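First comes the structure, then the notes that go with it.
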Amino acid sequence: MKSKIYNYRDLTFIKKMIDKDEIKIISFDIFDTLLMRPCIYPTDILHLIKCPLLVLKTRLGAESELKNSFINIKEIWEYVQYQCQLSNEEAEAFLNEELEIERKLLSARPAVKEIYEYAVQKQKKIIAVSDMYLPEEFLKKILHEKGYSF
């Protein structure tokens, strides 16, 4: 079943909402709205990291084990490093590999890109938000690579 946002009438409705003078700001969530991954679950991409099984299992469970909704990827890999007794170089290499996999696999969601471009054309202030653990500079770089400018 296709998402309703791909329906032409829905895109037209959203554009009409953007056209309203009282609408000054348009906000988009970065993941699963502006950008999408070619997988069902976001953690599926972690299986592409070339690392020992113990490291993968520890990385997959790290966020829930740490119980911190404001954790960042560096802290996640510090936890994995400690739990798996990795060297600084190994942990850094796995962290960088995860970032590179994200960079390669993320793509712009076409219908949302159309809405974004329409909002830019209408000179609306656009905000991108995320609760992801990825660094701000990385997110900005990815967005730029995928055709968004913030």
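What to note about this one:
- Added length on full extension, which subtracts the Cα-Cα distance from 0.36 nm per residue, residue 141 to residue 126: 3.8 nm
- In plain terms, the chain from residue 60 to residue 39 could stretch by 6.0 nm, reckoned as 0.36 nm per residue minus the Cα-Cα distance.
- For residue 123, net neighbour charge (Lys/Arg +1, Asp/Glu -1) across residues whose Cβ lies under 13 Å away: +1
- Choice from 49, 23, 101 with maximal GNM fluctuation in the chain (Cα, 10 Å cutoff): 23
- Spread over its residues, the convex hull of the C-alpha atoms of the chain is 121 Å³ per residue.
- Note on the chain: helix-only mean residue ellipticity at 222 nm, from DSSP H runs of 4+ residues weighted -39500 (n - 2.57) and normalised by residue number, equals -16500 deg cm²/dmol.
- Angle between the chain longest axis and helix 88-105 axis [Cα atoms, degrees, rounded to 10]: 30 degrees
- With respect to the chain, whose longest principal axis is taken over its alpha-carbon atoms, helix 136-145 is tilted by about 60°.
- Cross-link pairs 104/141; 57/141; 104/140; 15/124; 113/141; 15/140 - those with Cα-Cα distance over 22 Å: 57/141; 15/140
- Share of carbon and sulfur in the accessible area of region 46-140 stands at 51%, probe radius 1.4 Å.
- With both labels modelled 7 Å from their Cα along Cα-to-Cβ, the residue 69 to residue 10 distance reads 2.7 nm.
The values are calculated or read from the model by the stated rules, or taken from the named source; none is laboratory data. Since we're looking at a predicted model, the values are computed, not measured. Glycine also receives a Cβ, built like all others from the backbone with ideal geometry; neighbour counts cover every protein chain displayed. Each accessible area value is taken on the protein alone, full model and side chains, heavy atoms only, with ligands, DNA and RNA left out. Shrake-Rupley method; radii C 1.70, N 1.55, O 1.52, S 1.80 Å.
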